[in-house]
Amino acid sequence: MRKKIKGITELFVLYLFLFIFGLYGESIKWKLSSADYQIIRDEDGFDVIDMAGFSSGGSPGDPQLPQKIFNFALPPDVDISSITLDLSDEETKLLEGSYNIKPAPPACTWVGGKFIVEWGKDKNIVDGKNMKVYGIDTFFSACPVEILSPSQMRKWKFISIVFIPFQYNPVSEQLLLTKSVEISISFNRIETSKIGISSQQFLNALSDRVMDDVAKDMFVNFNEANLWYEETQKQLQEGIKEALPSQTTYDYVIITTNNIKNNSTKLNDFVHHKEYYIGHSVKVVTEDDYSGLTGQPPNGTAEKIRQWLKENYLSMGIRYVLLIGNPDPVSGDIPMKMCWPNRGAGSDEESPTDYFYADLTGNWDLDGDGYFGEYPDDSGTGGVDFAPEVYVGRIPVYGSDYTSLDSILQKIMDYEMGAGDISWRKKMLLPVAISNYANEDGKGYPRTDGRNLPKKVIEDYLNSKGFSYFVLYEKAGLDPVPDTADYDNPSHTGISQTSVINEWLNTYGCVFWWGHGSETGAYRKYWGSDDGDGVPESAEMSWPTFFTSASCPSLGNTKPSLVYQSSCDNGHPENSNNLGYALLKNGAIGTVSASRVSWYLPGTWEPVLSLADNAGIGYYFFKKIVENNKPFGEALYLAKNECGNVLEGPSWMNKMDFNLYGDPSLLLVFSVSPVLNVDPTSLDFGMEEETKTFNIRNTGGGALHWNIGDVVYNEGSDWITSISPLSGTTTTETDVVTVNVSRTGLSGGTYTATIPVTSDGGNQDISVSIRKKSPPDTPTNISPANGATGVSLTPVLTASAFSDPDGDTMLLARWRIKKEGEVIWQSSNTATSISVPSGVLQYSTTYTWQARYVNTYNLESEWSYETSFTTRERPMTPPNKPVNISPSNLAKGVSLTPVLTASAFSDPDGDIMADSQWRIRGETGTYETMAVWENNSAGAVTSVLVSTPLQNNTTYFWQVRYKDSTGMWSSWSDETSFTTISSPDGGDSGGGGGGGGCFIATAAFGTPMAKEVVRLREFRDRYLLTNRPGRAFVRWYYRHSPRLAGYIRQSKWTRAFVRGVLRPVVWFVSVIMR
């Protein structure tokens, strides 16, 4: 009883919680705090704030202040339009002194030797400062906390909050520090029926677990938010009341063409390798799967492929997508999607991208103008949010070059098997070129030589993870990078095509370059000469390559590198010899390269998470790989997603530009041992549940191979009916194991067992428990009492009150009555008594009866102890008196051989009809002395034919009585009268009342009610009796036909012959009467 009260209390609290917050909304409360910081004066006289755990940020030209992004998961049924942000309990401090805060740099690129600078819209830039901010005497920004547009990653809906602890007044040169602030993110939740998808679709989405590992690291409120998703899933499951449909899952999908599938000699080997050795479940998809789909307009190949992914990524559990085919956005068979992140800039507005296949929840043409991926038109709620649903990589295939494809596939398989010493993978080559010189062409922009990139990469993560490195700076021309630059190579060898190739041949697992680019080359720039004015000018620059597509074959594929190409246009998909693809064929295991121009930050480079500059994406990409051994595709898309969009169009362009040529699931290092992680480690099925799951994850490296051992039962045996699967292999994916139990055959109580999980990454036991409910108590028969006599034929059976040892309530009661051991009646209801309907029991008969109860868990009690009763003796009451119906009383024009019809038989005792008697008399005399016609045993009928013709134009009286199965006769019916038809010569229409007169037809068809007889009678009345010749024929027929009819009745063969003769006549008269 305590357990029941506790369960009811918990349920009440839950529903109260849901009611209150469903009515008034909910909120997330969080305290944001600043961290330790220092303010440093740089060489240009600007103050730079360095705060631990924060990155420097700011829109170009605005004050560059530390900021940090916090991601908060929202409920799955959140009303996006209701989200608001409120601040409270701000603790601020005005710093002493005056400060000259540096403005954030613009986005820059080179196009055709021309220097392009983007500051963003609606700004007044003077000496690198936005005077709409620097010229105003107020603190910037106006609020220390900003809320960004809502986003979605698979099932996870979330909001990002930007915390900017410092505010700067550029006129008074004061800094205001927000030491801490309480934020409240408020929102409403909506009914699942109003979300826009079916409950089944919503449940399918909530059941997705593919990126829960990412969500756990991504959302600061993951533990609390996870309860929303689990509870909503549970409520939906209870509402649907059926298990999710079985669905084969594929965590790795290859999207290609039938031509490639049929002509590659390595694709099947690659699939087998991925499944058998790595532990993926792979599905190969071709145009057979997606060509018939309808994507969003213009519904080209790219939209169809994306539609297939949208329809299947959740249900199939897809995490990785490998595109194999021609990436040309116009003519390719597996095209990149042409997007327009910088539309309106006048040139270099477009960017072919595979991000279109990764961000599946956003509408990439939100404004519906046919230009995809526009900033800002396709941003905001419902648009592009860059949160990936899947991680995408690509192997280009141009024309029929299946040989190159097969070579790449084999290289990936070899790389993944990691045979021999792979320590070379923990080496990084960093060739760094100069982007622009100080005041180049007199434009006043600071020098950008990239020398701070190696410093940050080495100090922030290479050193701590034991990676070695080699840096190549620009050493040629006027004003080269000095030999004192941080981490310069020991011999101070400068960057050049020869030095890059020669050093690369020393085997590097990673290459991260900074330079200029074209479709087939990476370029350096140096100041070759000066005209004497001391100003570096375009005409004085030399632009040699430091690596080209033609250089790739010199590298070989024995120890291929992961290459991030921080330069423009190296991944140009329309060019089959683009440098990104050329490296993938020779020298690289994967490349990240730009499909169009990319944008960098001028001056001393710093990793700024909010800007998404080209080198910044590469910095965070390698950071995730080096620090966390993330797969290549996952590292790239998470890095791009985490980078902000402060550069506006250039930020979007960099995110779309940089695409992965290679396998998205590849890991750089495989030497990390697998580690078994099982969650949860106990399964309590309670009293009702029959199916539960637990998750097996590999929280280490490599591939985890696991098995389920024999179940150890502590009580009972074999009540765990199935465990599936019993073994598996996982790398970063989650394997879901389903356990089913059955309580059949168990008595009430608690049962426990242990499921052992063994693996090459450790062992874990799963404890399992179930409880079996008891059935209701056996009822007792109360009435009729045992041995009772004289019981009614419709008695009320009554049993004892319902009781249940678990306190469960009654669902229904079952009842049965037996006669001589055989069940003759059974029924069910929801009460402890039931009425036996009439017709079940008989007089003077002994019966036995039983009852059993069923509780709300469908558990049945035993049948009650069988007791008997005997019904009362038959009362011997005669049948009810019948009523004359036809011919009706005083009817006229009745046939000479009418059909007499009386009311239905009824008997007070429920007896059945056994016989009937009929009689007719004239106007004088009695039935006993003057009966004209009678039938003393007509049988159990309620109508009879007067077979002997009556006299014309004569009044008759008639009666009937019924006999029941006990031999008792009813009273005679009340007498009624009728008058027969006049003589045919008299002109009367005839044929009325009970019909008759068609002696031969009646004899042949056996009854005056046969449809053929009725039709002939109608013909007589409507046609024959309405004219003199017809009436003459009727008179003749009445004189001669009765004798012939008598003869016909005596032989079934004669009756059959006459029926055959009459049917054409019936058909003919039917046609006439239409």
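Values in this text are rule-based calculations from the coordinates and carry no lab data. The model shown is predicted, which means the values in this text are computed figures rather than measured ones. Every residue, glycine among them, receives a Cβ derived from its backbone with ideal geometry; neighbour counts consider all protein chains shown.
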Quiz item: Which entries in LYS68/LYS93; LYS114/LYS456; LYS465/LYS559; LYS31/LYS157; LYS29/LYS456; LYS132/LYS456 show an alpha-carbon gap greater than 26 Å?
Solution: LYS114/LYS456; LYS29/LYS456; LYS132/LYS456
Exercise. Indicate the gyration tensor shape class of the stretch 997-1074 (rounded, prolate or oblate), computed on the Cα atoms with a ≥ b ≥ c the square roots of the eigenvalues: a/c under 1.5 is rounded; otherwise a/b larger than b/c is prolate and the rest oblate.
Key: oblate
Quiz prompt | Helical contribution to [θ] at 222 nm, DSSP H n ≥ 4, -39,500 (n - 2.57), averaged over the chain, rounded to 500 | solution = -6500 deg cm²/dmol
Practice problem: May I ask which residue of SER595, SER861, GLY571 lies farthest towards the positive end of the charge dipole of the chain, with charges of +1 (Lys, Arg) and -1 (Asp, Glu) on Cβ and the Cα centre as origin? | Solution: SER861
Quiz prompt | Cα-centred dipole magnitude for the chain, charges only on beta-carbon of K, R (+1) and D, E (-1), debye, nearest 20 | solution = 7720 debye
Exercise. Choose one of THR870, THR1002, THR809: the residue whose Cα lies farthest towards the positive end of the charge dipole of the chain (beta-carbon charges +1 Lys, Arg; -1 Asp, Glu; about the Cα centre).
Key: THR1002
Quiz item: Which value, in debye to the nearest 20, describes the size of the charge dipole of the stretch 576-680 about its Cα centre when Lys and Arg Cβ atoms bear +1, Asp and Glu Cβ atoms bear -1, and nothing else is charged?
Solution: 260 debye
Quiz item: So what is the orientation-averaged projected area of the stretch 781-871, using the convex hull of its C-alpha atoms, in nm²?
Solution: 5.4 nm²
Quiz item: In percent, what relative contact order does the stretch 543-671 have, based on Cα pairs under 8 Å that are 6 or more apart in sequence?
Solution: 26 percent
Practice problem: With a ≥ b ≥ c taken as the square roots of the eigenvalues of the C-alpha gyration tensor of the stretch 301-358, please select rounded if a/c is under 1.5 and otherwise prolate if a/b is larger than b/c or oblate if it is not? | Solution: prolate
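Relative contact order, percent, of the chain when contacts are C-alpha pairs under 8 Å separated by at least 6 residues? Don't jump to the answer; show the numbers that get you there.
Working: 2423 pairs, mean separation 71.5, N = 1074.
Answer for the chain is 7 percent.
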Practice problem: Evaluate the distance, in nm, between pseudo-label points positioned 7 Å from the Cα of LYS455 and of PHE222 along their respective Cα→Cβ axes. | Solution: 3.4 nm
Quiz prompt | FRET efficiency, MET876 to THR948 (Cβ-Cβ, R0 45 Å, nearest 0.05) | solution = 0.80
Quiz item: Which value in nm describes the separation of the simple spin-label points at ASN506 and THR693, placed 7 Å from the Cα toward the beta carbon?
Solution: 5.0 nm
Exercise. Provide the per-residue ³J(HN,Hα) series for the stretch 70-82, in order, calculated from phi with Karplus coefficients 6.51, -1.76, 1.60 and θ = phi - 60°, each as a whole number of Hz, with x at glycine and proline positions.
Key: 10, 9, 10, 6, 10, x, x, 9, 5, 8, 4, 5, 9
Quiz item: If we sort 354-360, 1044-1050, 101-107 on the protection proxy, mean other Cβ atoms within 10 Å, highest first, what's the order?
Solution: 354-360, 101-107, 1044-1050
Exercise. Can you tell me the FRET efficiency between SER682 and ALA35 if r is taken as the Cβ-Cβ distance and R0 is 45 Å, rounded to the nearest 0.05?
Key: 0.70
Quiz prompt | Gyration tensor verdict on the stretch 552-637 (Cα atoms; rounded if a/c is under 1.5, prolate if a/b is larger than b/c, oblate otherwise) | solution = oblate
Practice problem: Could you list the GluC sites (Glu not before Pro) in the stretch 201-294 that lie in coil according to DSSP, counting only those with at most 11 other Cβ atoms within 10 Å of their Cβ? | Solution: GLU242
Quiz prompt | the stretch 802-850 - Rg (one decimal) and Dmax (whole number), Cα, Å | solution = 13.5, 43
